[in-house]
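No value in this document is a laboratory result; all are computed from the given coordinates. What you see is a predicted model, and the numbers here were worked out from it, not measured in a lab. Here Cβ is always computed from backbone atoms with ideal geometry, including for glycine, and neighbour counts include all displayed protein chains.
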Amino acid sequence: MKIFFKIAFSFLGIWFLAHSIFIIFDGLNDRNSKADVAIVLGNKVNEDGTLSDRLKARLDKSIELYKNGRVKKIIVSGGLGKEGFWEANEMKKYLIENQISSQNIIVDNFGNDTEKTVENSIKFLDSLHYKTAISVSQYFHQTRNKMLFRKQGFQNIESASPNYFEWRDFYAIFREFFAYYKEVF
């Protein structure tokens, strides 16, 4: 019985390591494709109303995509944070401050989690007859984002992640392993 647990533990460790390596490489791999829209997933707005560095990095990446002609519009998605701010509204303000026209920003204030962002974004894409999108989030989040879009029938999804790294990424990679397989099964 002891050998069974050693083999099982080893198998799970190898599986976790292989999956983690895959999501890191997948999330950091920007194919430099063009798309109709960038979809920026929300993150923390600080208690004073400023954007977290992580969220700013995502928005800066979407600005780069827009200014380089890789996308025509930007969807910002997030919910009402515990700090009392609608993430998507604050994201839109930041984009406007950085010379993105409000007519090229679509606001989703009901993207309370990744699944809702995917669901809501697909509704926007369908209503606008858009066929391609680029997910903008942290690198460790991209594999699951793209899987959720494809699971909902939206196949033409790519990803672009900001060059923003922090110590909390180790926890996030660990969490993403379980979140990914929760969605698969």
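Remarks
- Hz values of 3J(HN,Hα) by residue in the range 57-64 - Karplus curve (6.51, -1.76, 1.60), Gly and Pro given as x: 4, 5, 5, 4, 5, 5, 4, 4
- Linear extension gain, Asn156 paired with Ala18, 0.36 nm per residue minus alpha-carbon span: 47.2 nm
- Here is the list for the range 144-181: trypsin sites (Lys or Arg not before Pro) lying in DSSP coil, each with at most 15 other C-beta atoms within 10 angstrom of its C-beta, are Arg168.
- Helix 142-151 axis, angle to the chain major axis (alpha carbon atoms, nearest 10°): 80
- Seen from Gln103, the other residues with C-beta closer than 12 Å to its C-beta sum to a net charge of +3, counting Lys and Arg as +1 and Asp and Glu as -1.
- On the beta carbon distance between Glu119 and Met1, with R0 = 35 Å, the FRET formula returns roughly 0.20.
- Close amide H pairs (under 5 Å, H built 1.01 Å from N) link Ser159 with Arg31, Ser135, residues at least 5 positions away or on another chain.
- 3J(HN,Hα) along the range 95-107, derived from phi through the Karplus expression 6.51 cos²θ - 1.76 cosθ + 1.60 where θ = phi - 60°, amounts to 5, 5, 4, 10, 6, 9, 5, 4, 6, 9, 10, 10, 9 Hz, with x in place of Gly and Pro.
- Projecting label points 7 angstrom from Cα along Cα→Cβ for Phe170 and Asn89 puts them 3.8 nm apart.
- The lysine pair tally for the range 2-78, using Cα distances under 19 Å and a gap of 8 or more places or different chains, is 10.
- Computed extension gain for Phe9 through Lys182, at 0.36 nm per residue and net of the alpha carbon distance, reaches 60.3 nm.
- Amide hydrogen neighbours beyond the local backbone of Val71, cut-off 5 Å, H modeled: Ala35, Tyr66
- DSSP bridge analysis restricted to the range 1-133 gives an antiparallel fraction near 15%, rounded to the nearest 5.
- Placed amide H near Ile105: partners under 5 Å, 5+ positions off or other chain: Ile74
- Peptides ranked, highest mean first, by Cβ atoms within 10 Å: ranges 100-107, 116-123, 86-93: 86-93, 116-123, 100-107
- J(HN,Hα) series, the range 67-76, from Karplus relation 6.51 cos²θ - 1.76 cosθ + 1.60, nearest Hz, glycine and proline x: 5, 8, x, 7, 9, 9, 9, 10, 9, 10
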